[in-house]
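The values are calculated or read from the model by the stated rules, or taken from the named source; none is laboratory data. Fair warning: this is a prediction, and the values are worked out from it, not measured in the lab. Virtual Cβ from ideal backbone geometry, glycine too; neighbours counted across all protein chains shown. Note: areas computed on protein heavy atoms with side chains; ligands, DNA, RNA excluded. Shrake-Rupley method; radii C 1.70, N 1.55, O 1.52, S 1.80 Å.
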Amino acid sequence: MPSKNTTKDFLDNQRSHWQDWNIPYSDGEALYKLIVENNFTSVLEIGTSSGHSTIWLSYAMQQTGGKVTTIEIDQTRYNKAIKNFELAGVSNLIDARLGDALHIIPTLTETFDFIFSDATLTIQPKESYLLFFKAADPKLRVNGLYTMHNVTDGFGDDGRFFKYVDNLGNYQTSIIRASSAGISVSKKIKSR
Ligand SMILES: C[S@@+](CC[C@H](N)C(=O)[O-])C[C@H]1O[C@@H](n2cnc3c(N)ncnc32)[C@H](O)[C@@H]1O
């Protein structure tokens, strides 16, 4: 079992070396805090890239005793992530899937208490975040959090997700504005 310092040291040392559309260090910290404060143990990530956010999620799992499932469609970034997970000492905490999250999510048998969506579909970029939410919503437990990156910088959702989730009536949404990209946090307050 790797010590948590191995992982934090890796995150600190790599801080300014990420080059694959990875979240900034401070957003990793924000996700980490949300998970640890709520003692979440089951995490799903959409959009691994080379693994920066996944390593923050896994660092949180070291504190709570949980596991992360993460999905990436691009083989090259997936391979980089696998290598980074080894270097960060978190491979044993991660179920890394290669493929289209829209196809993989419905096949997952477990449910999650924290979901982080950080991917954009190349064919339907404007609808991506809503399509990923619709696929993942059935997998989120009541009292769990559905989070999304890039909600205020124009790279992510264009407003359709917020309209849709507000109309559902079983989520309460806020935005972490300290993040320069914007992170939305939607709590599932009851089942539909
Ligand atoms: C912004 S990057 C993710 C960065 C990562 N979360 C991090 O901070 O290290 C988005 C990633 O989503 C992936 N992606 C796009 N569409 C996808 C899909 N349908 N299924 C899975 N991954 C997808 C892209 O290949 C890209 O690597």
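Going by what's in this entry, would THR152 be described as within 26 Å of GLY65 (Cα to Cα) and either open to solvent by less than 50 Å² (accessible area, probe 1.4 Å) or in contact with a strand residue (DSSP E or B) (Cβ under 8 Å, 6 or more places away or on another chain) (or both)?
no
Quick one: PRO138 ticks every box in (1) within 13 Å of the ligand (Cβ to nearest atom); (2) surrounded by fewer than 24 Cβ atoms within 10 Å (Cβ to Cβ) except a single one, so which number is it?
Result: PRO138 fails condition (1) only.
Can you name the condition, by its number, that VAL151 falls short on among (1) of a type outside the set (D, E, K, R); (2) touching a residue at least 40 places away in the same chain (Cβ under 8 Å); (3) not in a helix (DSSP H, G or I)?
(2)
Go through (1) touching an Asp or Glu at 6+ places or on another chain (Cβ under 7 Å); (2) surrounded by fewer than 16 Cβ atoms within 10 Å (Cβ to Cβ) for THR107 and report which single condition fails.
Status for THR107: all satisfied but (1).
Quick test of your reading of the structure: SER180 fulfils all but one of (1) in contact (Cβ under 8 Å) with a residue 12 or more places away in the chain; (2) touching a strand residue (DSSP E or B) at 6+ places or on another chain (Cβ under 8 Å). Name the failing condition by number.
(2)
Can you find, within segment 3-49, the residue that is surrounded by the most Cβ atoms within 10 Å (Cβ to Cβ) among those that are away from the ligand (no atom under 11 Å from the Cβ) and part of a loop (DSSP other than H, G, I, E, B)?
Residue satisfying both the conditions and the ranking: PHE40.
Which residues, taken from segment 52-95, are within 11 Å of the ligand (Cβ to nearest atom), outside any helix (DSSP H, G or I) and open to solvent by 10 Å² or more (accessible area, probe 1.4 Å)?
First, pick out the residues of segment 52-95 that are within 11 Å of the ligand (Cβ to nearest atom): 52-57, 70-78, 80-81, 84.
Checking the rest, the ones that are also outside any helix (DSSP H, G or I) come to 70-74.
Correct list: GLU72, ILE73, ASP74.
Out of SER128, SER91, SER191, which single residue is at negative phi and at pLDDT 95 or above?
SER91
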